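First the structure, in the form of structure tokens, and then the observations on it.
Each reported figure results from applying straightforward, stated rules to the coordinates on display, with no laboratory input. All values derive from a computational prediction rather than experimental measurement. We place every Cβ from the backbone using ideal geometry, glycine too, and count neighbours over all the protein chains shown.
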Amino acid sequence: METRRLGRTGHESTVITFGTYAIGVVTQEEADRAIEFALACGINHFDIAPTYADAELRLGSYLHRHPQPDLFISCKTNERSRDGARMELHRTLERLGGDRFDLYQVHSVGDLDTLDRVFAPGGSFEAILEARDEGLIDYIGITGHGLRSPATHAEALRRFPFATVMTSCNALLYAMPDFRRDWDALMDLCQAQDVGVHVLKATAKAPWAGRTPTHTTWYEPFTEQADIDRAVAWALNQPVTTLCSSGDLSVFPKIVAAAERYQEIDPAAPDSLLATVPDYANIFVGADA
């Protein structure tokens, strides 16, 4: 699988990062098969979080039995206090059986109020900086969902030299003029500062909107291979390093297949999602985003 440099981390990340929420909601046996599939496909970057159900336990169990010294693991915290973030960080290290993180991210920062909480005295960022100074973290990143995330992450980069940003974008979001303005500005800033970019929700189709979910994602994902091909091709033709896979194992192999052939997709095909998928919708609709 193609790799791209993850900004100033220097890591050559595969264009698909395995989003490990998908293994947090299945058995250990199913998780093992998914991890082995990802590794067999050449995926070298896994992203995990304490809030991903049992993902830390599933991945930790696998790594204890099958160490992967070349695997780049990024983790993140939703905690907003120094003590809470420090506790989570050490618990994750213990569960994974590691002694450091390649990348640790302050998670779900999608608006300026949350960004202020993270940077406030006694906030979670103090714990992250301390862990970096102790040699427990190599690089620090920021993540966030929602329509305000690109602008928020641009402001974050003005406050601290984050090595990576992880933010949502897809063809539908990019068609919104205000979002496109903020996304393009963030991409320009990331390129200027050599910041690695993870793109989220590239294969998201629509909100469940009261319907019973059929997949283990909080939004309805694309499931048809042709739609996934076009969505992945659109995302990987953006100035990004890697696309985080969705939190559903049934969709994961289709995302991998799309990434392996995205260069073969007609350049005009991804944009046709807007015209050919009538129920393609903003997954953040109704949210304070």
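If you go through segment 63-79 one residue at a time, do you hit one that is among the β-branched types (Val, Ile, Thr) and assigned to a strand (DSSP E or B)?
yes
Restricting to segment 228-248, and then to whatever is of a type outside the set (S, T, N, Q) and out of contact with any Phe, Trp or Tyr (no Cβ under 9 Å at 6 or more places or on another chain), can you tell me which residue is nearest to Phe46 (Cα to Cα)?
Per the stated criteria, the residue is Leu243.
Looking only at segment 113-151, count every residue that is touching a strand residue (DSSP E or B) at 6+ places or on another chain (Cβ under 7 Å), surrounded by fewer than 23 Cβ atoms within 10 Å (Cβ to Cβ) and among the hydroxyl-bearing types (Ser, Thr, Tyr) and tell me the total.
Going through segment 113-151 one residue at a time, the tally reaches 1.
Among the candidates Thr92, Thr51, single out the residue that is among the β-branched types (Val, Ile, Thr) and not in a loop (DSSP other than H, G, I, E, B).
Thr92
Every residue in segment 48-104 that is under 19 Å from the mean Cα position of the chain (by Cα) and on the phi > 0 side of the Ramachandran plot, please.
Ala53
Restricting to segment 124-158, name every residue that is touching a residue at least 24 places away in the same chain (Cβ under 8 Å), acidic (Asp, Glu) and within 19 Å of Met87 (Cα to Cα).
Correct list: Glu126, Glu130, Asp138.
Across segment 186-218, which residue is surrounded by the most Cβ atoms within 10 Å (Cβ to Cβ) among those that are in contact with a helix residue (DSSP H, G or I) (Cβ under 6 Å, 6 or more places away or on another chain) and among the hydrophobic types (A, V, I, L, M, F, W, C)?
Once the filter is applied, the top-ranked residue is Ala202.
Looking only at residues in segment 149-175 that are assigned to a loop (DSSP other than H, G, I, E, B) and under 16 Å from the mean Cα position of the chain (by Cα), which one is farthest from His107 (Cα to Cα)?
Per the criteria, the residue is Asn170.
Glu224: of a type in the set (Asp, Glu), free of Cβ contacts under 8 Å to residues at least 40 places away in the same chain and under 24 Å from Thr20 (Cα atoms), yes or no?
Criteria met by Glu224.
Of the conditions (1) touching a Pro at 6+ places or on another chain (Cβ under 9 Å); (2) under 17 Å from Tyr280 (Cβ atoms), Trp183 fails just one. Which one is it?
Every listed condition holds for Trp183 apart from (2).
Is it the case that Arg58 is in a helix (DSSP H, G or I), crowded, with 24+ Cβ neighbours inside 10 Å and without any contact (Cβ under 8 Å) to a residue 60 or more places away in the chain?
yes
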